[in-house]
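**Q** Mind looking over this structure? Questions follow.
The values are calculated or read from the model by the stated rules, or taken from the named source; none is laboratory data. Just so you know, these numbers come straight off a predicted model, no measurement behind them. Heads up, the Cβs are rebuilt from the backbone with ideal geometry, glycines too, and the neighbour counts pull from every protein chain shown.
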Amino acid sequence: MASQKGKDLLLKVDDTGTGTFTTVAGLRSHKLAFNTQTVDITNAESQGEWRELLAGAGVKTAAISGTGLFKDATSDETARSYFFNGTIRDWQVIVPDFGTIEGAFQVTSLEYAGQYNGELSYELALESAGSLTFTVI
């Protein structure tokens, strides 16, 4: 994969539950992380006393975080209400020349910051809340 512009990674939400996704905010930095827990099955007969793991048995998670500017009052209200209400919605993360990750996420962190002579910015974090799909672009 060739180098990509960070600004091209998009974060969208289905805020109506109809399958129509809209861009939430102008993210200036983003991060998408996939993780899985391991299931240790090491026992007295493990070769050389090396740890053994059970394939495909761990819990999978995805986390999205970003920093930027809300594009308008509506997108700010959407993220804020999702956080305070614990709302789980379908979100999309579009990674250029890679694909689209889609599924249920919950807003787990929402922070606001600003300097006296600068704009108000935010930090947003989402955690997966169900099965995710990946579609190759």
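**Q** Would it be correct to say that Ser3 is over 20 Å from Glu123 (Cβ atoms), hydroxyl-bearing (Ser, Thr, Tyr) and modelled with pLDDT under 90?
**A** yes
**Q** I'd like the full set of residues that are farther than 24 Å from Ser121 by Cβ and aromatic (Phe, Trp, Tyr), limited to segment 41-71.
**A** Hit for segment 41-71 is Trp50, nothing else.
Rundown of residues vs (1) among the hydrophobic types (A, V, I, L, M, F, W, C); (2) buried (at least 16 other Cβ atoms within 10 Å of the Cβ); (3) in a helix (DSSP H, G or I), yes/no style:
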site: Gly56; (1), (2), (3): no, no, no
site: Thr61; (1), (2), (3): no, no, no
site: Gly66; (1), (2), (3): no, yes, no
site: Thr74; (1), (2), (3): no, no, yes
site: Glu77; (1), (2), (3): no, no, yes
site: Phe83; (1), (2), (3): yes, yes, yes
site: Asp90; (1), (2), (3): no, yes, no
site: Val93; (1), (2), (3): yes, yes, no
site: Asp97; (1), (2), (3): no, no, no
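Residues checked against (1) more than 17 Å from His30 (Cα to Cα); (2) of a type in the set (Ser, Thr, Tyr):
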| site | (1), (2) |
| --- | --- |
| Val59 | yes, no |
| Ala63 | no, no |
| Ser81 | yes, yes |
| Gln92 | no, no |
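**Q** Given (1) over 14 Å from Ser128 (Cβ atoms); (2) touching a residue at least 12 places away in the same chain (Cβ under 8 Å), identify the lone condition not met by Ala73.
**A** (2)
**Q** Let me ask something else about it. Being buried (at least 16 other Cβ atoms within 10 Å of the Cβ) and in contact with an Asp or Glu (Cβ under 9 Å, 6 or more places away or on another chain) is the filter here, so list the residues in segment 122-137 that pass it.
**A** Tyr122, Leu124, Ala125, Leu132
**Q** Something else: Considering segment 99-133 alone, what residues qualify as being among the polar types (S, T, N, Q) and assigned to a strand (DSSP E or B)? Let's see the steps before the verdict.
**A** We begin by selecting, within segment 99-133, every residue among the polar types (S, T, N, Q); these are 100, 106, 108-109, 115, 117, 121, 128, 131, 133.
Of everything in segment 99-133, those that are among the polar types (S, T, N, Q) and assigned to a strand (DSSP E or B) turn out to be Thr100, Gln106, Thr108, Ser109, Ser121, Ser128, Ser131, Thr133.
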